[in-house]
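Following: one structure in structure tokens, then a few remarks.
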Amino acid sequence: MYGLSPETDLSPLNGCKLTFLGFGRHQVQLAFSGDTPCSVSIEGDYIVTPSGRDATTFNEAVDGAAALLPLLGHAVVFASVPTDGTIRLEFDDGSVIEVLDSSARYESYQVSIGDRLLVV
């Protein structure tokens, strides 16, 4: 799938806590606990905006580790698709992760919500 639609319902992520971060050479895994098991696998570019600080774009999976680690244990307050292909996760501390549809040739990310899998 290319260009996830803004009408995509990511609301099951709302209220879920980030409980696991995994890093590989080309992938970041985010796992959330909540009413519905959810996860996000990032294989492309992503942006992290810590609360009260400037946004940083990461092109390599592990480069954002220091920015993502403080979000462990924090809950998503609003998950959305603000523009075609971009998912936005807003956290209870004011931080934001945006996952971009950054490659036309390869998968940029996957979102798993219960039995539903969205591949972009």
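The values are calculated or read from the model by the stated rules, or taken from the named source; none is laboratory data. Owing to the predicted nature of the structure, the values given are computational and were not obtained by experimental measurement. When we count neighbours, we look across all protein chains shown, and the Cβ atoms used for this are built from the backbone with ideal geometry, even at glycine.
A single entry from PHE20, PHE78, PHE58 fulfils the requirement of being crowded, with 16+ Cβ neighbours inside 10 Å and at pLDDT 95 or above: PHE58. Restricting attention to segment 81-102, the residues that are in a strand (DSSP E or B) and more than 12 Å from the chain's Cα centre (by Cα) total 2. Scan segment 1-17 for residues that are of a type in the set (D, E, K, R) and either more than 23 Å from ALA66 (Cα to Cα) or at pLDDT below 95 (or both) and the total you get is 2.
With respect to being touching a His at 6+ places or on another chain (Cβ under 7 Å) and either buried (at least 17 other Cβ atoms within 10 Å of the Cβ) or among the aliphatic types (A, V, I, L, M) (or both), LEU10 falls outside the description. A search for C-beta distances below 8 Å between a residue of segment 3-20 that is within 18 Å of ASP93 (Cα to Cα) and any residue that is at pLDDT 95 or above and assigned to a helix (DSSP H, G or I), counting only pairs 6+ apart in sequence or on different chains, returns LEU18/LEU71.
Screening segment 10-62 for residues that are aliphatic (A, V, I, L, M) and in a loop (DSSP other than H, G, I, E, B) and picking the one that is farthest from ILE97 (Cα to Cα) gives LEU10.
With respect to the conditions (1) within 17 Å of TYR106 (Cβ to Cβ); (2) charged (D, E, K, R); (3) at pLDDT 95 or above, ARG25 falls short on a single one, namely (3).
Name the residue that is surrounded by the most Cβ atoms within 10 Å (Cβ to Cβ), counting only residues in segment 41-55 that are of a type in the set (Val, Ile, Thr) and within 18 Å of GLN110 (Cβ to Cβ). Top of the filtered list is ILE42. With respect to the conditions (1) in contact (Cβ under 8 Å) with a residue 12 or more places away in the chain; (2) farther than 15 Å from SER102 by Cβ; (3) outside any helix (DSSP H, G or I), ALA65 falls short on a single one, namely (3).
Filtered by the rule that a residue be more than 18 Å from GLY114 (Cα to Cα) and surrounded by 13 or more Cβ atoms within 10 Å (Cβ to Cβ), segment 23-37 gives PHE23, GLN27, VAL28.
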